[in-house]
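Novice: I have a structure I would like to understand better, so I am pasting it below and will then ask my questions one at a time.
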Amino acid sequence: MQLTINIADQLKPRPDETNLGFGNIFTDHMFNMDYDPEKGWHNPRIEPYGPIEMDPATMVLHYGQEVFEGLKAFRRQDGAVQLFRPKDNLKRLNRSCKKLCIPPVDLDFTLQALKKLVEIEKEWVPGAAGTSLYVRPTIIATDPFLGVRASYTYRFFIILSPVGAYYAEGFNPVKIMVSRDHVRAVRGGVGDAKTAGNYAASLLAGEKAHREGYTQVLWLDGVERKYVEEVGSMNIFFVIGDELITPELNGSILPGITRDAVLFLAAAWNMNVSERKISIDEVMDAHQSGALREIFGSGTAAVISPVGELKYGDQVIRIGDGRVGPVAQKFFDAITNIQYGKDDDAYGWIEPI
Ligand SMILES: *Cc1c(COP(=O)(O)O)cnc(C)c1O
């Protein structure tokens, strides 16, 4: 396949790097590629960023047949630009495709196209502390049809957005609320795929949490509403005594790449680390006994997000006097130092542009 490149005549003004939010500014170009059953994936092209015109009957708008990814490009001190574990994101994209009956993309070709797009938009990769260029690959079902079935045609696009820190609070502990009334995903469903419906399903609980002053929802399993699964759109870790615990992947948890990086580092550092079931009662009991030392989330957007307060029913517990714990800090430093090229890429996680 030949990648066509069409550069925009007029480039946008660049935003102020020291004042970036998350996901509200987009670069000059995007990647597009189409699928139909005869040609397969075809017509890959980098072209000016712009709206996608579609029929109101387009299937993705009605039944949510969609998958996406989120990864980042970082600017090193020496000016070079690099991606963090992009192959893992593309592999996960294909796993999500499988769950959503979407034809997979060619991993090598897609990685090359993604790298080319970031190279063309290199000037958009911010250099200020904590900033990066967020990369959003997305595939949508494009048949104009109102029957329920998998679409025959698809559009794959990649857009880029220069971003600052994910949370307005910065790298500070956030307050989270356990959702008892709502669940995010169930086993046998699509909770382990990055697909639109999971996020639509999370909005109501998120709004309720926000109204009570909480930043994120802590999700329990959809069957017994007993075991911890994720926090917001992040994976979750607990430090209880000297054990680092994260829920085991059970089909309704999204297998995060940051989660994987934390587990990898924990093993490399000889920590006592477990992937296992952990009930919300165990967490509350550990707090009671004084053994609960830290809670933190992990995900591309925030990297590591310490939790300072947790609400479960009418119990509110505070973790670590509102300060960032040493374990969360250690993972944050180790991962961001690799991402920004301050430390060597000892584990093969970096893809240079
Ligand atoms: C994307 C995502 C994560 C984190 O995955 P990363 O690969 O670490 O960014 C965790 N949970 C959900 C629901 C997600 O969508």
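The values are calculated or read from the model by the stated rules, or taken from the named source; none is laboratory data. Since the structure is predicted, the reported quantities are computational estimates derived from the model, not experimental observations. A quick note on method: Cβ atoms are made from the backbone with ideal geometry, for glycine too, and the neighbour counts reach across all protein chains shown.
Novice: Restricting to segment 220-274, count the residues that are hydroxyl-bearing (Ser, Thr, Tyr) and in contact with a Phe, Trp or Tyr (Cβ under 8 Å, 6 or more places away or on another chain).
Specialist: Taking segment 220-274 as the starting set, the residues that turn out to be hydroxyl-bearing (Ser, Thr, Tyr) are 227, 233, 246, 252, 258, 274.
Filter again for in contact with a Phe, Trp or Tyr (Cβ under 8 Å, 6 or more places away or on another chain), leaving 233, 246.
Looking only at that region, the number is 2.
Novice: While we're on this one: Could you say which residue among Thr58, Thr138 is more than 30 Å from Asp343 (Cα to Cα), in contact (Cβ under 8 Å) with a residue 24 or more places away in the chain, outside the structural domain of Asp192 (by TED's automatic domain parsing) and within 16 Å of the ligand (Cβ to nearest atom)?
Specialist: Details: Thr58 fails: within 16 Å of the ligand (Cβ to nearest atom).
So the residue among Thr58, Thr138 that is more than 30 Å from Asp343 (Cα to Cα), in contact (Cβ under 8 Å) with a residue 24 or more places away in the chain, outside the structural domain of Asp192 (by TED's automatic domain parsing) and within 16 Å of the ligand (Cβ to nearest atom) is Thr138.
Novice: Checking Gly206 against (1) more than 13 Å from the ligand (Cβ to nearest atom); (2) part of a helix (DSSP H, G or I), which test does it fail?
Specialist: Condition (1) is where Gly206 drops out.
Novice: Here is a further query. Please enumerate the residues belonging to segment 290-307 that are modelled with pLDDT under 95 and away from the ligand (no atom under 16 Å from the Cβ).
Specialist: Selection gives nothing.
Novice: Right, here's the next one. When both residues are 6+ apart or on different chains and their Cβ atoms are under 7 Å apart, which pairs have a first residue that lies in segment 205-227 and is under 21 Å from Lys175 (Cβ atoms) and in the same structural domain as Phe296 (by TED's automatic domain parsing), and a second that is in a helix (DSSP H, G or I) and modelled with pLDDT of 95 or more?
Specialist: So the pair list comes out as Gln216/Ala209; Val217/Ala205; Val217/Gly206; Val217/Ala209; Leu220/Ile280.
Novice: On to the next question. From the residues in segment 118-143 that are buried (at least 22 other Cβ atoms within 10 Å of the Cβ) and in a helix (DSSP H, G or I), which one is nearest to the chain's Cα centre (by Cα)?
Specialist: Here the residue is Val118.
Novice: Here is a follow-up. Among the residues of segment 76-101, which ones are in a loop (DSSP other than H, G, I, E, B) and under 28 Å from Ala128 (Cβ atoms)? Spell out the reasoning first.
Specialist: Filtering segment 76-101 for residues in a loop (DSSP other than H, G, I, E, B) gives 76-80, 85, 100-101.
Once the filter is applied, which keeps residues that are in a loop (DSSP other than H, G, I, E, B) and under 28 Å from Ala128 (Cβ atoms), segment 76-101 yields Arg76, Gln77, Asp78, Gly79, Ala80, Arg85.
Novice: Moving to a separate point now. Among the residues of segment 44-52, is there at least one that is of a type in the set (Asp, Glu), over 19 Å from the mean Cα position of the chain (by Cα), under 26 Å from Asp143 (Cβ atoms) and not assigned by TED's automatic domain parsing to the domain that holds Gly188? Walk me through it before giving the result.
Specialist: Our first condition is that a residue be of a type in the set (Asp, Glu); within segment 44-52, this holds for 47.
Narrowing the set further to residues that are over 19 Å from the mean Cα position of the chain (by Cα) leaves 47.
From the residues that got through so far, the ones that are under 26 Å from Asp143 (Cβ atoms) too are 47.
From what's left, not assigned by TED's automatic domain parsing to the domain that holds Gly188: 47.
There is at least one residue in segment 44-52 that is of a type in the set (Asp, Glu), over 19 Å from the mean Cα position of the chain (by Cα), under 26 Å from Asp143 (Cβ atoms) and not assigned by TED's automatic domain parsing to the domain that holds Gly188.
Novice: Does Tyr199 meet the test of being in a helix (DSSP H, G or I) and either surrounded by fewer than 23 Cβ atoms within 10 Å (Cβ to Cβ) or near the ligand (Cβ under 9 Å from one of its atoms) (or both)? I'd like the intermediate steps shown before the answer.
Specialist: On the way: in a helix (DSSP H, G or I): yes; either surrounded by fewer than 23 Cβ atoms within 10 Å (Cβ to Cβ) or near the ligand (Cβ under 9 Å from one of its atoms) (or both): yes.
So Tyr199 passes the test.
Novice: Oh, and also: Looking at this structure, is Leu146 closer than 27 Å to Ile52 by Cβ, surrounded by 14 or more Cβ atoms within 10 Å (Cβ to Cβ), among the hydrophobic types (A, V, I, L, M, F, W, C) and in the same structural domain as Lys99 (by TED's automatic domain parsing)?
Specialist: No; evaluated as a whole, the condition is false for this residue.
Novice: Right, another one. Six or more apart or on different chains, Cβ atoms under 6 Å: show the pairs whose first residue is in segment 20-45 and of a type in the set (Lys, Arg) and whose second is surrounded by fewer than 16 Cβ atoms within 10 Å (Cβ to Cβ).
Specialist: Qualifying pairs under 6 Å: Arg45/Thr4.
Novice: Quick one: which of Gln112, Gln82 is of a type in the set (S, T, N, Q), under 23 Å from Asp345 (Cα atoms) and more than 18 Å from the chain's Cα centre (by Cα)?
Specialist: Values: Gln82 fails: more than 18 Å from the chain's Cα centre (by Cα).
Testing whether each residue is of a type in the set (S, T, N, Q), under 23 Å from Asp345 (Cα atoms) and more than 18 Å from the chain's Cα centre (by Cα) leaves just Gln112.
Novice: Let me ask another. Identify the single condition in (1) at pLDDT 95 or above; (2) touching a strand residue (DSSP E or B) at 6+ places or on another chain (Cβ under 6 Å) that Ser179 does not satisfy, given that it satisfies every other one.
Specialist: With respect to (1) at pLDDT 95 or above; (2) touching a strand residue (DSSP E or B) at 6+ places or on another chain (Cβ under 6 Å), Ser179 is out only on (1).
Novice: Would you check which residues across segment 271-299 are within 20 Å of Arg259 (Cβ to Cβ) and either among the hydrophobic types (A, V, I, L, M, F, W, C) or crowded, with 23+ Cβ neighbours inside 10 Å (or both) and list them?
Specialist: Just the residues of segment 271-299 that are within 20 Å of Arg259 (Cβ to Cβ), to begin with: 271-280, 282-283, 292-299.
If the condition is that a residue be within 20 Å of Arg259 (Cβ to Cβ) and either among the hydrophobic types (A, V, I, L, M, F, W, C) or crowded, with 23+ Cβ neighbours inside 10 Å (or both), then Met271, Val273, Ile278, Ile280, Val283, Leu292, Ile295, Phe296, Gly297, Ser298 are the ones that fit.
Novice: Restricting to segment 212-269, what's the tally of residues that are more than 16 Å from the ligand (Cβ to nearest atom) and out of contact with any helix residue (DSSP H, G or I) (no Cβ under 7 Å at 6 or more places or on another chain)?
Specialist: 13
Novice: Could you list, in sequence order, all residues of segment 102-112 that are crowded, with 22+ Cβ neighbours inside 10 Å and either at positive phi or in a helix (DSSP H, G or I) (or both)?
Specialist: Selection gives Thr110 alone.
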